[in-house]
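Working notes, beginning with the structure itself.
The values are calculated or read from the model by the stated rules, or taken from the named source; none is laboratory data. Note that the structure is predicted; figures quoted are calculated from it, not measured. A quick note on method: Cβ atoms are made from the backbone with ideal geometry, for glycine too, and the neighbour counts reach across all protein chains shown.
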């Protein structure tokens with residue numbers, strides 16, 4: 001078993017939607033509700049789920065954009081949730097993020113070179129006269145040319161901007177990068193380019209990824225292990241091959257059956273889930289998936305299912321495995 | 001646009017051996033502004049007005065008479081002379097040369113416009129930024145206070161301030177400045193709220209920036225264009241407010257020349273000597289128009305997306 005880089009224990013983030021007259025919360029949105037998993041050094045952990053299941057919120061907790069409501073977040077054995085703002089900032093450069101929307105993630109008033117140089121300068125990683133050289137090196141790493149550092153973000157295409165965002169994340173030599181749906185805003189042809197780039201960089205820099213996506217097909221390409229989220233909870237964690245070959249949770253099975261297949265002759269058994277994702281403000285009692293599950297039993301509506309190891313490294317939260 | 005970069009970065013390097021000079025934001029802005037004829041006209045007029053104001057002010061400081069006549073010297077024997085070669089804009093009821101008085105008035109109008117905007121801008125930006133950044137109760141208290149100020153017609157509020165502070169140029173500046181604080185506070189708050197949710201602000205936080213640096217480096221530069229445009233347009237309304245206060249006899253006190261005051265005192269002679277009203281009126285209109293044209297031009301020039309290539 002390789003070394004654990006990040007250990008997430010029972011992490012939760014609740015947003016107060018509405019308060020009564022006295023400021024007491026009357027409705028609470030449980031975006032992330034008790035999630036536990038760990039990310040090993042050098043692996044790519046894929047996190048999959050529908051829109052609104054809390055995967056982005058989870059990513060934002062890891063990079064300190066949100067502070068968790070409860071739970072612990074260990075990074076290299078140190079609990080980051082107990083640190084104050086100043087102490088926490090010291091860990092910023094180790095945990096970086098790549099954003100979903102390349103059009104909103106670059107400051108329109110800064111040149112690309114300045115955008116990439118900024119994290120190096122504010123963390124004091126290099127003397128000023130070496131920064132430019134480093135910026136050019138980083139631009140090359142992500143497949144951009146050196147002269148492009150003097151341009152502004154609006155002069156670039158979506159894929160190129162995403163490359164700039166990747167270079168910015170790499171600039172501080174992070175240990176882990178949270179990739180928040182980095183390709184879902186891009187064209188399919190560009191998606192492959194960016195995914196390949198991310199894969200190459202992982203080898204080159206020895207990076208660890210938390211790769212967030214809403215489809216299993218994107219994650220399949222890059223991940224070593226995959227976690228499936230539904231309504232703020234993890235329902236299944238497994239090594240990639242195991243998960244794709246042998247999905248256990250009904251939700252994972254449904255997600256897998258939704259991946260388009262290239263061969264039109266091939267008949268696929270398509271599992272179509274009924275209804276919409278229930279509101280995370282008022283999730284169903286018992287197992288959260290029980291309202292849409294095609295294998296639902298009576299016991300599902302009574303009690304929440306906990307993650308259980310069904311085979312080595314393969315965890316499922318489902319009453320079918322009690 | 002051009003997603004044809006090779007996956008081998010070295011090839012890209014060779015393809016682009018030349019190094020392009022960075023284009024400064026200011027230069028790009030100026031290039032765009034120059035293409036807008038109306039804005040250039042506005043800038044040109046403002047330049048002339050500023051030149052007049054400066055010359056009059058400096059010559060006054062040095063005790064020299066640069067204007068054709070002393071703007072405040074009354075000679076009742078020469079009252080109501082129609083515009084002619086000696087008195088281009090005629091003379092008023094006290095026999096003062098209108099041309100000299102209008103040139104002299106430029107100084108006051110521009111000074112009041114700029115300083116009043118400076119007051120409301122400073123206080124408004126601070127209020128708006130605090131409201132947007134703190135949020136919650138602070139936001140509510142500040143913005144409801146602003147709403148209360150906005151609910152009262154601005155000129156009425158200015159008159160109320162003048163009543164409390166007293167007459168005079170300095171008090172007029174303060175009154176006009178205070179009255180337009182809510183506009184700036186609202187604009188700044190709104191822009192910061194929309195900018196601070198952008199991912200690049202999040203990225204700045206993730207890379208370890210301190211809050212103050214995030215505001216200075218990432219939020220304000222993206223809000224500044226809105227503020228600059230609003231301030232330019234704000235000068236024109238400040239000029240107009242000064243004139244209104246002067247018209248009501250609350251602003252600059254006689255004998256000093258101020259366009260609105262000139263209008264107010266001459267309004268009894270609108271039929272017998274219309275030139276005593278027409279020229280100050282034209283002066284106000286031209287100044288306000290010039291600032292409005294420039295403001296509109298700046299709004300286009302500062303928006304990187306609307307820039308003409």
(request) Inspect all residues belonging to the stretch A:239-258 and state whether any of them is touching a strand residue (DSSP E or B) at 6+ places or on another chain (Cβ under 8 Å), on the phi < 0 side of the Ramachandran plot and in a strand (DSSP E or B). (result) yes
(request) Collect the residues in the stretch A:47-72 that are within 14 Å of chain B (Cβ to nearest Cβ) and in a loop (DSSP other than H, G, I, E, B), keeping them in residue-number order. (result) A:63, A:64, A:65, A:66, A:67
(request) Could you please tell me which pairs satisfy a Cβ distance under 9 Å, a separation of 6+ or placement on different chains, a first residue in the stretch B:188-214 that is more than 7 Å from chain A (Cβ to nearest Cβ), and a second residue that is surrounded by fewer than 23 Cβ atoms within 10 Å (Cβ to Cβ) and not in a helix (DSSP H, G or I)? (result) B:193/B:135; B:197/A:104
(request) Output the qualifying pairs, or none if there are none: Cβ atoms under 8 angstrom, residues six or more apart or on different chains, first residue in the stretch A:188-213 and without any contact (Cβ under 8 Å) to a residue 60 or more places away in the chain and facing chain B (nearest Cβ under 10 Å), second residue surrounded by fewer than 19 Cβ atoms within 10 Å (Cβ to Cβ) and in a helix (DSSP H, G or I). (result) A:190/A:158
(request) Give the residues of the stretch B:245-260 that are buried (at least 22 other Cβ atoms within 10 Å of the Cβ) and more than 15 Å from residue B:111 (Cβ to Cβ), sorted by residue number. (result) B:250
(message) Criterion first (away from chain A (no Cβ under 14 Å), farther than 18 Å from residue B:132 by Cβ, buried (at least 22 other Cβ atoms within 10 Å of the Cβ) and under 29 Å from the mean Cα position of the chain (by Cα)) does residue B:175 satisfy it?
(response) yes
(request) Name, by its number, the condition in (1) more than 11 Å from chain B (Cβ to nearest Cβ); (2) touching a strand residue (DSSP E or B) at 6+ places or on another chain (Cβ under 8 Å); (3) in a loop (DSSP other than H, G, I, E, B) that does not hold for residue A:100. (result) (1)
(message) On the basis of being part of a loop (DSSP other than H, G, I, E, B) and modelled with pLDDT of 85 or more, does residue B:84 make the cut?
(response) yes
(message) If I ask for residues that are out of contact with any helix residue (DSSP H, G or I) (no Cβ under 9 Å at 6 or more places or on another chain) and outside any strand (DSSP E or B), which ones from the stretch A:218-238 would you list?
(response) A:231
(request) Residue by residue through the stretch A:305-322, note down the ones that are within 24 Å of the chain's Cα centre (by Cα) and in a loop (DSSP other than H, G, I, E, B). (result) A:305, A:306, A:307, A:312, A:313, A:317, A:318
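Conditions tested, residue by residue: (1) touching a residue at least 60 places away in the same chain (Cβ under 8 Å); (2) more than 14 Å from chain A (Cβ to nearest Cβ).
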residue	(1), (2)
B:217	no, no
B:223	no, no
B:229	yes, yes
B:238	yes, yes
B:282	no, yes
B:300	yes, yes
(message) Step by step: first the residues of the stretch A:80-97, then only those that are loosely packed, with under 15 Cβ neighbours inside 10 Å and in a helix (DSSP H, G or I), then the one that is farthest from the other protein chains (Cβ to nearest Cβ). Which residue is that?
(response) A:82
(request) Would you tally the residues in the stretch A:121-174 being surrounded by 22 or more Cβ atoms within 10 Å (Cβ to Cβ), touching a strand residue (DSSP E or B) at 6+ places or on another chain (Cβ under 7 Å) and within 7 Å of chain B (Cβ to nearest Cβ)? (result) 0
